[in-house]
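Colleague: Please find one structure pasted underneath; my questions will follow.
The values are calculated or read from the model by the stated rules, or taken from the named source; none is laboratory data. Bear in mind the structure is a predicted one, so any value in this text is a computation, not a measurement. A quick note on method: Cβ atoms are made from the backbone with ideal geometry, for glycine too, and the neighbour counts reach across all protein chains shown. Ligands, DNA and RNA are excluded from the accessible area calculation, which covers all protein heavy atoms including side chains. Shrake-Rupley method; radii C 1.70, N 1.55, O 1.52, S 1.80 Å.
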Amino acid sequence: MKIVKFWIEAFQNLLLHKTRSFLAMLGVVFGVSSVICMLSISEVARRDVVTRIERMGLRNIILDSVKPQRVRKREEERSTSSWTASYGITQKDLEILKDNLPSVEAVLPMRLILRDVSTTFQNSDASVVATTSEYGEIMEHGIREGRFLCPVDEGQADSICVLGHDTARLLFPLSDSIGEIVKIGGDPFTVVGVLEQKGQTGTQGALSNPDHAAYIPYSTALARFGTRQVRSGQGVWESTEVEVNRAVLRVSDVGHLGPVAQASLNLMESRHRLKDVEATIPHALLKEHQLAERIFMWVMGSIASLSLLVGGIGIMNIMLANVAERRQEIGVRRALGATRSEIVKLFLGESTLLGGLGGLLGLGMGVLIALVVGTLAQWNVAFQPVAFPLGFGVSVVVALLFGTLPAFRAARLDPVLALRAE
Amino acid sequence: MPAQIEVQGVGKEYPMPGGSVYALSDVSLTLEAGEFVSIVGSSGSGKSTFLYLLGFMIRPTSGTYRFHGQPVQDLSDVEQARLRGKEIGFVFQSFHLIPQLNVVKNVMLGARYLANGDARAQERTARTLLERVGLSHRLRHRPFELSNGEMQRVAVARALLGNPSLILADEPTGNLDENTGNEIFNLLAALNREGKTVVVVTHNRAIAERTPRTITLKNGRVSA
Ligand SMILES: Nc1ncnc2c1ncn2[C@@H]1O[C@H](COP(=O)(O)OP(=O)(O)O)[C@@H](O)[C@H]1O
Ligand SMILES: [Mg+2]
């Protein structure tokens, strides 16, 4: 009861100087709202980046075949001739990698087949990926219906395929797709399974969206479509020969990722004339991201502390002005029986209330700004629950700290001097 | 039964760069409960200093002060503040009302420093006191809407909220014309008749002559 009265009185005192009190709060308002804003918005970006990286597999090394600069140049020069650009990882390379690097538990080939996937009624631009039965385990991509590719399919080079989530939805919006036929480059393939939805991974290019793909056995792809692939049309004629577009190495120990990646690049370099392989280590990306994030947090923390510092100084200034203006009141209160500590309490209460109200306003404004920015940028804003008590608590503590000097100055004032008629 | 106020050889020294200022020197005085006393003296003679000393707002640098037999200098600051709230009501020359607060709120200013903190009872007391000083029609007014005489009456009501036994008034009529000054003096006299001890500092000879006892200060000393 007494506490409630105390705060009501403090509030009424602040109301006596509405503009001044409001201005005093501004610093804290901006400080807290920027904390909330930055925390929630960075959290969005963070979650997105982290999950994309994690989807690549934290124990994997990803080797991508890249078209070397020299090949690219020659291709441009001889756009009409029947020259074939041949580069990248080969099946032989994979065997050598597996034999020479004991930490590599498994090697997964992925080859991009430049053909379209369609049914009689529906076309799609899904990527056709030739791979092996180990795909699901190594890429941590579960099956939703039916089954995935199995070693038998490979042995027999069967014309079967497994659809990614989005592709299945697109091609068979109404019916169950298992057992249905899809055409890949004109050839019929039987759908034997549909994968779970996985979401975008953190890589570039046609292999970055595992949901928007159809998976066929590696051996089938070789038998049906050969190693040379031709893309033509609109005056472009491109012939490439790439055996493996991407190889994913599963490594037994996270600690070996770096050395194994280096070793495999060295092996590739010794076997290829041109530099046509790039390595990505998702785990290292994650670490890099976490470091960047820590730096970001530090920068953000500094900005927030700075604005709260400015806010605190604002409160201090206003309260100093209040004390100077209310000298006579302080003297009268002392004459009416107030102790020094009651004077301290009076002014500290007012500054704390300023901080608390500023903090609340700041929380509200931060949420509002984050939501507006989130809507405009089409982000899902993720509020971190801890930010709210944190923001409020910090603003109260800042106000308490910076309110101390004015409050003690008020208490130290000689009441007799304060009461002397001017 | 000890006297309400016993001051013995009290001095107040202000150390200053150019040498100490002695606002009071060797003042001895006894006031019985229920006395009505005026303090006169030229400007700078130590009247205000003495009044604030009587109200525990200034600690003497020498001598002893007993209030109802209790040595005041032995009390801590907090104990002095509590005793002040309970026993003493101050009235000032320039009223010192809070401009932003209305009349009732001004009278209630010291409420939270009183022991019996029932807010509703205190507000009733405040209204009764304002009625008593003839301001029942001004409860919601703010100080700048009042005349000087009315403001000083609000200040007297404020001093009375804790029902003090001792009223200390520092030139309460100094900012008032003769008529309103007389009214305030009559108010103080009435309080004295009810049994309160009243000490009033004044420049005004006529007023001083109306109190049963007058003390004259000269250079910080009581002159005969
Ligand atoms: N805080 C102080 N510091 C220094 N000198 C003071 C202080 N207060 C009062 N004095 C001096 O003490 C003397 C008495 O002052 P005061 O009691 O206010 O006189 P009066 O009320 O009779 O005019 C004056 O000379 C004044 O300058
Ligand atoms: Mg004086």
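Colleague: Within the set of pairs 6+ apart or on separate chains, which have a first residue in the stretch B:171-185 that is hydrophobic (A, V, I, L, M, F, W, C), a second that is within 16 Å of ligand 1 (Cβ to nearest atom), and C-beta atoms under 7 Å apart?
Modeller: Short answer, once both residue conditions are applied: B:184/B:172; B:184/B:173; B:185/B:173; B:185/B:207.
Colleague: Hey, could you check the stretch B:130-158 for residues that are more than 14 Å from chain A (Cβ to nearest Cβ), of a type in the set (Gly, Ala, Ser) and out of contact with any Ser or Thr (no Cβ under 8 Å at 6 or more places or on another chain) and say which is nearest to residue B:169 (Cα to Cα)?
Modeller: B:134
Colleague: Within the stretch A:223-263, track down each residue that is among the polar types (S, T, N, Q) and surrounded by 15 or more Cβ atoms within 10 Å (Cβ to Cβ).
Modeller: If the condition is that a residue be among the polar types (S, T, N, Q) and surrounded by 15 or more Cβ atoms within 10 Å (Cβ to Cβ), then A:227, A:229, A:239, A:240, A:245 are the ones that fit.
Colleague: Would you check which residues across the stretch B:172-220 are in a loop (DSSP other than H, G, I, E, B) and open to solvent by 30 Å² or more (accessible area, probe 1.4 Å) and list them?
Modeller: Within the stretch B:172-220, B:174, B:175, B:177, B:194, B:195, B:203, B:204, B:210, B:212, B:219 qualify.
Colleague: Exactly one of these conditions fails for residue B:7: (1) assigned to a helix (DSSP H, G or I); (2) away from ligand 1 (no atom under 11 Å from the Cβ). Give me its number.
Modeller: (1)
Colleague: Given (1) part of a helix (DSSP H, G or I); (2) more than 14 Å from chain B (Cβ to nearest Cβ), identify the lone condition not met by residue A:334.
Modeller: All conditions pass for residue A:334, except number (2).
Colleague: Still on this structure: What number of residues in the stretch B:1-49 are closer than 23 Å to residue B:186 by Cα and within 12 Å of ligand 2 (Cβ to nearest atom)?
Modeller: Of the residues in that region, 5 qualify.
Colleague: Would you say residue B:95 is more than 9 Å from chain A (Cβ to nearest Cβ), farther than 23 Å from residue B:216 by Cα and open to solvent by less than 60 Å² (accessible area, probe 1.4 Å)?
Modeller: Criteria met by residue B:95.
Colleague: Identify, by number, the condition in (1) open to solvent by 20 Å² or more (accessible area, probe 1.4 Å); (2) closer than 17 Å to residue B:37 by Cβ that residue B:144 doesn't meet.
Modeller: Evaluating residue B:144 over (1) open to solvent by 20 Å² or more (accessible area, probe 1.4 Å); (2) closer than 17 Å to residue B:37 by Cβ leaves (2) as the failure.
Colleague: I'd like to know if the stretch B:115-129 contains one or more residues that are open to solvent by 20 Å² or more (accessible area, probe 1.4 Å) and at the interface with another protein chain (Cβ under 8 Å from one of its Cβ atoms).
Modeller: yes
Colleague: What are the residues in the stretch B:16-56 that are crowded, with 18+ Cβ neighbours inside 10 Å, within 14 Å of chain A (Cβ to nearest Cβ) and within 11 Å of ligand 1 (Cβ to nearest atom), if any?
Modeller: Answer for the stretch B:16-56, where residues must be crowded, with 18+ Cβ neighbours inside 10 Å, within 14 Å of chain A (Cβ to nearest Cβ) and within 11 Å of ligand 1 (Cβ to nearest atom): B:23, B:24, B:46, B:47, B:48, B:49, B:50, B:51, B:52, B:53.
Colleague: State which residue pairs qualify: first residue more than 9 Å from chain B (Cβ to nearest Cβ) and farther than 18 Å from residue A:403 by Cβ and inside the stretch A:1-18, second residue assigned to a helix (DSSP H, G or I) and open to solvent by 90 Å² or more (accessible area, probe 1.4 Å) in any location, beta carbons under 9 Å apart, and separation of 6 or more residues or different chains.
Modeller: Partner pairs satisfying both residue conditions: none exist.
Colleague: Here is a list of conditions, (1) under 30 Å from residue A:392 (Cα atoms); (2) surrounded by fewer than 18 Cβ atoms within 10 Å (Cβ to Cβ), and residue A:98 meets all of them except one; can you say which number that is?
Modeller: For residue A:98, the failing item is (1).
Colleague: Regarding the stretch A:279-301, can at least one residue be identified that is modelled with pLDDT of 85 or more, open to solvent by 30 Å² or more (accessible area, probe 1.4 Å) and closer than 30 Å to residue A:344 by Cα?
Modeller: Among the residues of the stretch A:279-301, not one is modelled with pLDDT of 85 or more, open to solvent by 30 Å² or more (accessible area, probe 1.4 Å) and closer than 30 Å to residue A:344 by Cα, which makes the answer no.
Colleague: Still on this structure, please answer the following. If a residue must be assigned to a helix (DSSP H, G or I) and more than 27 Å from the chain's Cα centre (by Cα), how many such residues does the stretch A:263-283 contain?
Modeller: Here the count works out to 9.
Colleague: With respect to the numbered conditions (1) of a type in the set (Lys, Arg); (2) farther than 21 Å from residue B:55 by Cβ; (3) without any contact (Cβ under 8 Å) to a residue 60 or more places away in the chain, which one is the sole condition not fulfilled by residue B:153?
Modeller: (2)
Colleague: What is the one condition in (1) at pLDDT 95 or above; (2) under 18 Å from residue B:188 (Cβ atoms); (3) within 14 Å of chain A (Cβ to nearest Cβ) that residue B:80 does not satisfy?
Modeller: (2)
Colleague: What number goes with the only condition from (1) within 16 Å of ligand 1 (Cβ to nearest atom); (2) more than 14 Å from chain A (Cβ to nearest Cβ); (3) free of Cβ contacts under 8 Å to residues at least 60 places away in the same chain that residue B:200 does not pass?
Modeller: Looking at each condition in turn, residue B:200 falls short on (3).
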